[in-house]
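Read the structure below first, then the notes.
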Amino acid sequence: MLALLCSSAAYNVAVTGATGRTGRLVVDSLLKSGHSVTALVRDGDKAASVLPAAVACRELDLATAGAEEMRTACAGADKLIWCATGFTDAGELIDVRGMKELVPGAIAATGETPAVVMLSSAGVTRPAWDDAKKARLIGCSDIPIIRLNPGGILGKKCEAEQALRESGVPYCVVRPTGLKFEGWPQGRPFLSQGDVAVGRCNAVDLAETLVGVLGEAAAAGKTFELFTLAGHGRLQATRPSEEGARGVKTALHPLGTRR
């Protein structure tokens, strides 16, 4: 069960994909939690129109930038939340390029907490399951996103995750189940491992979890799935910034490093 406890530390957090739907929620959650935000954006004008004035925007095209440009863009940042995705003109998934070429060395890997939090997806390992495992876990394997897997996107995200693990950077990978921006209320977020989770994930719950793990040593080196159990009350917070983060600490300690 998720029980995310908000860290008292305030960070300067770089966010990729900050102008996307999830990225904007992450930015809002960071600011509400008392952190500073450095948004890495491709279009500065768009960023200025959709992000709060408190956000520092730095232009960077993740499809073409080099490692030195990434380091420059992340200068002064303590942490990085990776919300970007998409493809380069050559058809390479930006997630893969980012984890292999841009993220290593971009953030100083200090302390015991995650330096990089990567937004991935539930289901990334399932297309590679053997037939026996697919049959045994048919409720996890026989769902539309796994059957369709457009462009082999799930395997590519799995490759990006592995590149981050091998980078040596303290990390946390968060894999939401079916992400819902409307039609699925905030509820009680739950964590699981083994890539067998199914269900729906409220986008605000996701954003708050991505922010909440930043200060948790128990999150470092972990990969977990996240879903929202609707209809269950949220854990009570003692101050507003703890609302979404009040669960992860309790849940993270039992979790291992399984992928």
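The values are calculated or read from the model by the stated rules, or taken from the named source; none is laboratory data. Quantities reported herein were computed from a predicted structural model and do not represent experimental measurements. Here Cβ is always computed from backbone atoms with ideal geometry, including for glycine, and neighbour counts include all displayed protein chains. Ligands, DNA and RNA are excluded from the accessible area calculation, which covers all protein heavy atoms including side chains. Shrake-Rupley method; radii C 1.70, N 1.55, O 1.52, S 1.80 Å.
Laid out as a table, the results:
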| quantity | calculated |
| --- | --- |
| Nearest-20 debye value, the chain charge dipole, Cβ charges on Lys, Arg, Asp, Glu | 760 debye |
| ARG21 versus GLU59: modelled label distance in nm, points set 7 Å from Cα along the beta carbon direction | 2.8 nm |
| In sequence order, calculated HN-Hα J values of segment 75-82 (Karplus, 6.51, -1.76, 1.60; Hz; x Gly/Pro) | 4, x, 7, 8, 9, 9, 10, 9 |
| Rounded FRET efficiency, nearest 0.05, which uses the C-beta distance separating ARG71 from ASN149 and R0 of 45 Å | 0.85 |
| ALA122 long-range amide H proximity, modeled H, under 5 Å | THR177 |
| Antiparallel content of DSSP bridges confined to the chain, in %, to 5 | 20 percent |
| Nearest-20 debye value, segment 72-205 charge dipole, Cβ charges on Lys, Arg, Asp, Glu | 400 debye |
| Vicinal HN-Hα couplings computed from phi for segment 91-97 (Karplus, 6.51 cos²θ - 1.76 cosθ + 1.60; Hz; Gly/Pro x) | x, 7, 5, 4, 4, 5, 4 |
| Cross-link partners of LYS79 among lysines (Cα-Cα below 25 Å; sequence separation of 8 or more within a chain) | LYS32, LYS46, LYS100, LYS156, LYS157, LYS222, LYS249 |
| Separation in nanometres of the label points that stand 7 Å from Cα toward Cβ, at ALA9 and GLU92 | 3.1 nm |
| Accessible surface of the chain [probe 1.4 Å, protein heavy atoms]: carbon and sulfur percent | 52 percent |
| Charge tally in the Cβ shell below 9 Å around ALA160, where Lys, Arg are +1 and Asp, Glu are -1, ALA160 excluded | +1 |
| Residue among ARG97, ARG188, ARG136 with the largest mean-square fluctuation in a Gaussian network model of the chain, springs linking Cα atoms under 10 Å | ARG136 |
| Point-to-point label distance, ALA135-ALA108, nm (Cα→Cβ direction, 7 Å offset) | 5.6 nm |
| The chain - accessible surface per residue (Å², probe 1.4 Å) | 43 Å² |
| Backbone HN-Hα couplings from phi across segment 172-183 [Karplus 6.51/-1.76/1.60, Hz, Gly and Pro as x] | 9, 10, 10, 10, x, 6, x, 7, 10, 8, 9, x |
